[in-house]
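Asks: I have a structure I would like to understand better, so I am pasting it below and will then ask my questions one at a time.
The values are calculated or read from the model by the stated rules, or taken from the named source; none is laboratory data. Keep in mind that what you see is a predicted model, and the values were worked out from it rather than measured. Glycine gets a Cβ as well: all are built from the backbone with ideal geometry, and neighbour counts include every protein chain shown. These area figures cover heavy atoms from the full protein model, side chains too; ligands, DNA and RNA do not enter into them. Shrake-Rupley method; radii C 1.70, N 1.55, O 1.52, S 1.80 Å.
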Amino acid sequence: MDLGLFFAMFLIFIGSFVQSAIGFGLAIVTAPLLFLISPNYVPGPIVIVGLFLSIINAYKYKANVSFRGLGYAFLGRIPGSLLGGLLLYYVDAKLLSLWIGVVVLLAVAISLLPFRIEPNNSRMTIAGFFSGLFGTSSGIGGPPMALLLQHQEANLIRANLSAFFVVSSVISLAVQVPAGYMSLNHLYLTLPLLPASVIGYLVAMKVVDRIDKGTIRKVSLVMCSVSGIAAIVLGVR
């Protein structure tokens, strides 16, 4: 097996474990380093893996899914995704790397905010817009929604984020096709990553109740910071 592919599968395993444990994090943890392995992994393939994992998690937590408010998030997601598609169309690989790094570090900063933001219809629409912008252009669409939903009960967070990601990933992929970031070659590149995602999910389900979620979050934030800085360095070189 090619070393780059092995490392990509390992990253997807870690990212899928994190997302299955806390509700989001696949793209934040993996996107910058996957981009360093090959720019072709981002954003198309990582969105496919995110869709695949979200379907699994949404089915598991289907009893906890609440579509109240998600409609407003979808309303914002569509124009955000279109803007993200335009961004992809006009930027080159170095600018995309810089953009991914900035988005990751912004996500880390948002997750560290000390105040609580309660979800309402207008905030869900705004979060959906930025989720579409970031998710379509960099594969990292979770933080805006996670910021609003982070104080809900754990299974409710996993359920609603997964349901949102299923629909929003389809929207992002539809926009990425005409932008040239989703093709059959990208699909073939994704296929070896899907088993790693399943393993990450299964391991998370086995140990999630025995591992402190605060520890998972802290380790994830450190990984995100390092990978985000690396992507920025690559983008400005």
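Asks: Provide the gained length on full extension for the span D2 to V236, in nm with one decimal, where the gain is 0.36 nm per separating residue minus the Cα-Cα distance.
Replies: Here the answer is 81.5 nm.
Asks: So which chymotrypsin sites (Phe, Trp or Tyr not before Pro) in the range 113-207 end up in coil per DSSP with only 10 or fewer other C-beta atoms within 10 Å? Before the final figure, lay out the partial values.
Replies: Details: sites: F115, F129, F130, F134, F164, F165, Y181, Y188, Y201; in loops: F115, Y181.
For chymotrypsin sites (Phe, Trp or Tyr not before Pro) across the range 113-207 that sit outside H, G, I, E and B with at most 10 neighbouring Cβ atoms in 10 Å, the list reads F115.
Asks: Ordering K60, K206 from largest to smallest accessible area (1.4 angstrom probe), what's the sequence? Walk me through the intermediate numbers first.
Replies: Working: K60 100, K206 155 Å².
Result, largest first: K206, K60.
Asks: At 0.36 nm per residue, and after removing the present C-alpha to C-alpha distance, how many nm does the segment from K94 to L187 gain when stretched out fully?
Replies: 31.2 nm
Asks: Measuring with a 1.4 Å probe in the full set of protein chains, what accessible area per residue, in whole Å², belongs to the chain?
Replies: 46 Å²
Asks: Normalised by the number of residues in the chain, what is the relative contact order in percent for Cα pairs under 8 Å and 6+ residues apart?
Replies: 38 percent
Asks: Follow-up question, since we're still on this one. Would you please give the FRET efficiency between I55 and E153, computed as 1/(1 + (r/R0)^6) with r the Cβ-Cβ distance and R0 = 25 Å, to the nearest 0.05?
Replies: According to the calculation, E is roughly 0.70.
Asks: First compute the accessible area of the chain with a 1.4 Å probe, then give the percent of it belonging to carbon and sulfur atoms.
Replies: Working: 7670 of 10790 Å².
Reported share for carbon and sulfur atoms: 71 percent.
Asks: Can you report the principal axis dimensions of the range 152-237 using only the alpha carbons, biggest first, rounded to whole angstrom?
Replies: 43, 34, 27
Asks: To the nearest 0.05, what FRET efficiency results for I117 and V170 with a Förster distance of 22 Å applied to their C-beta separation?
Replies: E(calc), rounded to 0.05, equals 0.25.
Asks: Please report how far the C-alpha centroid of the range 56-83 lies from that of the range 122-183, rounded to the nearest whole angstrom.
Replies: Their Cα centres are 7 Å away from one another.
Asks: What are the semi-axes of the equivalent ellipsoid for the chain, taken as the square roots of 5 times the Cα gyration tensor eigenvalues, largest first, in whole Å? Kindly include the intermediate steps, with their values, before the conclusion.
Replies: On the way: eigenvalues 112, 85, 60 Å².
Working from the Cα gyration tensor, I get semi-axes of 24, 21, 17 Å.
Asks: Rounded, prolate or oblate: pick one for the range 119-166, where a ≥ b ≥ c are the square roots of the eigenvalues of its C-alpha gyration tensor, a/c under 1.5 means rounded, and failing that, prolate if a/b is larger than b/c, else oblate.
Replies: Values: a/c = 2.19, a/b = 1.35, b/c = 1.62.
Taking the square roots of the gyration eigenvalues as a ≥ b ≥ c, the range 119-166 is oblate.
Asks: If a helix is a whole DSSP H run, which ones in the chain reach 18 Å or further along their own axis (Cα) and hold a mean Kyte-Doolittle hydropathy of at least -0.5? Can you show the working numbers first?
Replies: Numbers: long enough: 3-22 (29 Å, 2.13); 44-60 (24 Å, 1.57); 70-90 (30 Å, 1.09); 93-111 (27 Å, 2.28); 121-138 (25 Å, 0.37); 154-179 (37 Å, 1.39); 193-207 (22 Å, 1.73); 213-236 (34 Å, 1.40).
Passing helices, by number: 3-22, 44-60, 70-90, 93-111, 121-138, 154-179, 193-207, 213-236.
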